[in-house]
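Computed from the coordinates by the stated procedures, all read-outs in this text should not be read as laboratory data. Just so you know, these numbers come straight off a predicted model, no measurement behind them. Note that we place each Cβ from the backbone using ideal geometry, even for glycine, and neighbour counts take in every protein chain shown.
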Amino acid sequence: MNPIIEVKNLYKAFGNRAKEGVRLHQQGKSKDEIMREAGIPVGVADVSFEVQQGEILVIMGLSGSGKSTLVRCINRLIEPTAGEVRIDGTDILALGRHDLLQLRQKKFGMVFQNFALLPHRTVLHNVEFGLEIQKTDPVKMEQKAMEAINLVGLEGWEQSYPDQLSGGMQQRVGLARALAVDPDILLMDEAFSALDPLIRRDMQDELINLQERVQKTILFITHDLDEALKIGDRIILLKDGALVQEGTAEDILTNPATRYVQKFVEDVDLTKVLTARSVMKKPRAVAQYQDGPRVALRKMDEESISSLFALDKAHKLKGVVMAADAVDAAKRGEKILDHIINTDIIKVKLDTPVAEFFSDLATLQYPVAVVDDNDKLVGVIIRGSLLAGLAERGTVDNDNNS
């Protein structure tokens, strides 16, 4: 697939000597050195990345890292100093004013930190605002606005005014206004940071649920790592206007590229982020449908394990066989495993967070089974190796090891 957003070697320096700031950076000067020696502020420094259709890309970093400047360069609310920005293959830096306005109206929707609602307009009329600018037919405009209002769960509030709404509801109005024009791309700049923590979490959940339905491409700016980990398909981390790491949450948490990234993520509980896919191991042996107790025991002995997952004729996971039960079945002269397969087992999908089954590992006498969507065994999670891996990253404390 071709990316919907392409950013290549993007720079934004400020002032009359902006081009000189770019040149100094390309010569190896840091942002601080350029400011100190030449007095030229550099907001974005040689940033490149791509975003695919329907992806949520989180842009994060500390205050002053260039997050908001970068996003505003992407729709040219701020003029880049150098580099390329392509939207669906169109070089937006080459567009004249009229074509740029047309592209913004059709391609972009923005959701702001401070809601940016018009206090004298009702919810409905606030949501219609972007459609008014597009000179949409009044009947169609109201229809689209009501669809967006219903989409964000505000049906029944369309005649209310912003000061009659809670902070979370006001932000829903802002989101509905952006969605009403049916943009390909949503730009969300610290959209939830002004909300109380509980409302903020609700809005994060709402955005995730909404994305399942609308499948927009979203650039989401935040300085909150937990928020980024929760909603982002990928994350780019900025420092001093430069991109220091790009990847999935697991990439960044398990393989921080720099000491800065390591410090940024060091307090994160990895069990809430890592999934079964990233911590599982391939099963060393399995019991096939035709195996009997003695064959199962031989496989366990060869691998020095005390349990064996059993598969049916379709190679789907059926259950687990314990060594003690196999010994008793062999003594009884049984030839099949059916009577000793425990089918009441814990199994998880590939994308299940470790936190969801971590506590179960303490009491299980067998590994956790990882299955695909067809219930076929694709891996196992062994308590000892999981704890060791987490301990290496400082995630597991002594209580968890007891």
Review point. Which of these values of percent of Cα pairs over 38 Å apart was calculated from the structure shown: [x] 45; [y] 39; [z] 17?
Key: [y]
Review point. Relative to the present Cα-Cα distance, how much length would full extension add between Asp88 and Lys376 at 0.36 nm per residue of separation?
Key: 99.8 nm
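Pairs on different chains or at least eight residues apart, Cα atoms closer than 17 Å: how many lysine pairs in the stretch 1-114 fit?
Numbers: Lys8/Lys19; Lys8/Lys67; Lys12/Lys29; Lys12/Lys31; Lys12/Lys67; Lys19/Lys29; Lys19/Lys31; Lys31/Lys67.
Taking the stretch 1-114 as the scope, the lysine pair count is 8.
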Practice item. Work out the charge dipole of the stretch 176-291 with +1 on the Cβ of Lys and Arg and -1 on the Cβ of Asp and Glu about the Cα centre, then indicate which of Ala176, Ser193, Thr254 is farthest towards its positive end. Key: Thr254
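Mind putting a number on the dipole of the chain about its Cα centre? Charges go on the C-beta only, +1 for Lys and Arg and -1 for Asp and Glu, and I need it in Debye to the nearest 20.
Details: 50 positive and 60 negative charges, 178 e Å.
My answer is approximately 860 debye.
Apply the membrane-span-like helix rule to the chain: whole DSSP H runs, Cα extent along the own long axis of at least 18 Å, mean Kyte-Doolittle hydropathy at least 0.0. List the helices found.
Details: long enough: 138-151 (20 Å, -0.25); 167-180 (20 Å, 0.14); 197-214 (25 Å, -0.73).
Those that clear 18 Å and a mean of 0.0 are 167-180.
So if R0 is 22 Å, what FRET efficiency would Glu356 and Tyr260 give, r being the distance between their Cβ atoms, rounded to the nearest 0.05? List each step's numbers first, then the result.
Working: r = 31 Å, r/R0 = 1.40.
Efficiency for this residue pair is about 0.10.
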Review point. If the cut-off is a Cα-Cα distance under 28 Å, which lysines reach Lys318, setting aside same-chain residues fewer than 8 apart in sequence?
Key: Lys281, Lys282, Lys299, Lys331, Lys335, Lys347, Lys349, Lys376
Review point. What fraction of the DSSP beta bridges in the chain is antiparallel, stated in percent and rounded to the nearest 5?
Key: 60 percent
Revision key, fill the gap. Per DSSP loop assignment and a cutoff of at most 16 other beta carbons within 10 Å, the chain keeps its longest run without exposed GluC sites (Glu not before Pro) at 1-154
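Indicate, rounded to the nearest 5 percent, the antiparallel portion of the DSSP beta bridges found entirely in the stretch 277-401.
Values: 11 of 15 bridges.
Rounded to the nearest five, the antiparallel share is 75 percent.
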Study note, to complete from the structure: For the stretch 277-401, the charge dipole (Cβ of Lys, Arg +1; Cβ of Asp, Glu -1; about the Cα centre) points to a positive end, and the Cα of Leu350, Val295, His339 closest to that extreme belongs to Val295
Exercise for review: Under a cut-off of 18 Å between alpha-carbon atoms, report the aspartates and glutamates in cross-link reach of Lys140, not counting same-chain residues fewer than 8 places apart.
Suggested key: Glu128, Glu132, Glu155, Glu158, Asp182
Check your understanding: At 222 nm, what helix-only mean residue ellipticity would the chain give, in deg cm²/dmol to the nearest 500, using -39500 (n - 2.57) for each DSSP H run of four or more?
Key -> -10500 deg cm²/dmol
Revision key, fill the gap. Expressed in angstrom and rounded, the centroid-to-centroid distance over alpha carbons for the stretch 119-141 and the stretch 231-249 is 35 Å
Exercise for review: Can you tell me the dipole magnitude for the stretch 277-401 around its Cα centre, using point charges on the Cβ only (Lys, Arg +1; Asp, Glu -1), in Debye to the nearest 20?
Suggested key: 460 debye
